[in-house]
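Input: a single structure, listed below in structure tokens.
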Amino acid sequence: MPERGERLDAVELAERRAARLEERLGRDHQNAHRIADFRMECSKVSPPPLKHGRPASHHVIAVASRAPLRRRALSREMATDRRGAGSVVEAYWLILGRAPTALELDDELRGHLNQSPGALLRGLLSSPEFDRLRTAWQAGRPAHADDDALERGLLALGPDDAFVRRAYDWILGRPADAAGAAHYARRLAEGERRANVVRALVLSNEFTRRWRSVPRDSQLCELANPAKWDNDEWLAILRSLGLSDEKLLMHRKPYEFAQLIYGCRRLGALREDSVVLSVGAGHELVLYWLANHARRVVATDMYEGVWQAVQGREGDPDVLRRPEQYAPFAYRQEALDFMKMDGRQLAFRPGSFDIAYSLSSIEHFGGVDGAAATIRDMGRVLKAGGILALATEYVLAGPPHEETFQPSEIAALVGQPGLELVEPIDDQVFRRYPVTPVDLYREPYQTPHMVVRFNDTVFTTVMIFLRKT
């Protein structure tokens, strides 16, 4: 237990820092400036160590917890801007038990991943990370690696009564009832850990009903997801491609096209001034769509071999001479170039592109080694902060099959140096959506066409977005 003089020094220091933070937040800055200040102050003031699960000094923790978030200052801002830094940090601690990374925080504040508090909450509740936490709690296993760090983070969200109110808001989606608020306030006063309050709310029947109803339609990194056919923004993209939005006709290929555009837009990479590279491009219709929405699009492929005669003649070399003959709609011809090129050895300078993507092609480049070489070279030609988007074949069950990847191989492919996932991959989609796999030998054109099989190997599309660090 620190001496009284030490406690007063800590209080005075925290209050001074909090005052500086409050002054900054009161100015009319853009989000990037506000959050830079917010992060700086958060890094300087942290809650003290726990003693038997509670703070060593309630007075010190009350001030220290206000200093990082400065709830009185943030409450005014959060009342009008629920996507403020404090709101995002609060949601991450209460739902995922951790602070957002700098990249996550920046994306949330710019609105690229989530456009509203509801979208933020849907994204967190539908994430594989939250599913793993909830599953661990249900099984009675530890859900977090460092329980004390979790408790310190939750204690920094404010006094007990405010914490209970916010936990109800985020987890149950409603105000705390008087009896519930009194119960949890009493338990906390008796020394209960805040993490146990969160756990109790998450495992309640009320939350279970809410969680099951959460639409999982806003994710970026995922298996081909039927929920996207319930997302209005995504469906508008699908229709803009000239493709049907009929659920009975859902198919992996239209999913890849629409998800590519949806993800690149959400991540802020697809703009009128963007330069886009497609690897293993063929003459897919999304190329022509992108030519109408980006400054320049470069399509590369070998344009030879079996692909000249099958799969819609995607490898037809004639597209190199007459690309307009393959256009599904009018497009800006000056914005689209087709080039014969090996995706494993791209003839471009480093840092040339804002987006590099490949849709259902890298599995044809020589197995895991060839695919990894392609991803590395795509990363090389990306600008710093650029987006690398991939769709490829992901095995759900059964033995290995040529030109598909097992989950462990996908994990190895996305682990290339200098690239990082923008979010974890949701590999649980088809636990939520039971489907009958389409037999590609017998009924290759059957729809819905989201999960397919070659003999005993069952697979689907995985869509992945990586950012160049």
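The values are calculated or read from the model by the stated rules, or taken from the named source; none is laboratory data. On a predicted model such as this, the values are computed, not experimentally measured, just so you know. Cβ sites come from the backbone with ideal geometry, for glycine too, and all protein chains shown count toward neighbours.
Would a scan of segment 274-283 turn up a residue that is crowded, with 21+ Cβ neighbours inside 10 Å and out of contact with any strand residue (DSSP E or B) (no Cβ under 7 Å at 6 or more places or on another chain)? Yes; the residues of segment 274-283 include at least one that is crowded, with 21+ Cβ neighbours inside 10 Å and out of contact with any strand residue (DSSP E or B) (no Cβ under 7 Å at 6 or more places or on another chain).
Checking Trp170 against (1) in contact with an Asp or Glu (Cβ under 8 Å, 6 or more places away or on another chain); (2) farther than 29 Å from Asp427 by Cβ, only one condition comes out false. Which one? The number of the failed condition is (2). Considering only residues in segment 386-413 that are over 30 Å from Asp273 (Cα atoms) and among the hydroxyl-bearing types (Ser, Thr, Tyr), the one that is surrounded by the fewest Cβ atoms within 10 Å (Cβ to Cβ) turns out to be Ser408. Condition first: modelled with pLDDT under 95, in contact with a Gly (Cβ under 7 Å, 6 or more places away or on another chain), closer than 23 Å to Val286 by Cβ and not in a strand (DSSP E or B). Can you find one or more residues in segment 309-322 that meet it? Looking for residues that are modelled with pLDDT under 95, in contact with a Gly (Cβ under 7 Å, 6 or more places away or on another chain), closer than 23 Å to Val286 by Cβ and not in a strand (DSSP E or B), one finds at least one in segment 309-322, hence yes. Exactly one residue out of Arg271, Arg252, Arg199, Arg210 is surrounded by fewer than 20 Cβ atoms within 10 Å (Cβ to Cβ), farther than 30 Å from Leu172 by Cβ and not acidic (Asp, Glu): that is Arg271. Within segment 340-361, residues that are closer than 15 Å to Leu388 by Cβ have Cβ atoms under 6 Å from residues that are assigned to a strand (DSSP E or B) and of a type in the set (Val, Ile, Thr) in these pairs: Gly343/Val279; Phe353/Val275; Asp354/Val275; Ile355/Val276; Ile355/Ile387; Ser358/Val279, counting only partners at least 6 apart in sequence or on another chain.
None of Val298, Val276, Val286 is assigned to a helix (DSSP H, G or I) and either of a type in the set (Val, Ile, Thr) or farther than 29 Å from Leu421 by Cβ (or both) except Val286.
Scanning segment 96-123 for residues being modelled with pLDDT under 75, outside any helix (DSSP H, G or I) and of a type in the set (A, V, I, L, M, F, W, C) gives a total of 1. Only residues that are within 15 Å of Gly280 (Cβ to Cβ) and of a type in the set (Lys, Arg) were counted in segment 340-375, giving 2.
Kindly indicate whether Ser127 is over 19 Å from Gly86 (Cβ atoms), of a type in the set (Ser, Thr, Tyr) and in contact (Cβ under 8 Å) with a residue 12 or more places away in the chain. Criteria met by Ser127. The residues in segment 385-434 that are assigned to a helix (DSSP H, G or I) and of a type outside the set (Lys, Arg) can be counted, and the count is 9. For segment 340-376, the candidate set comprises residues that are surrounded by fewer than 18 Cβ atoms within 10 Å (Cβ to Cβ) and outside any loop (DSSP other than H, G, I, E, B); within that set, the residue that is nearest to the chain's Cα centre (by Cα) is Arg376.
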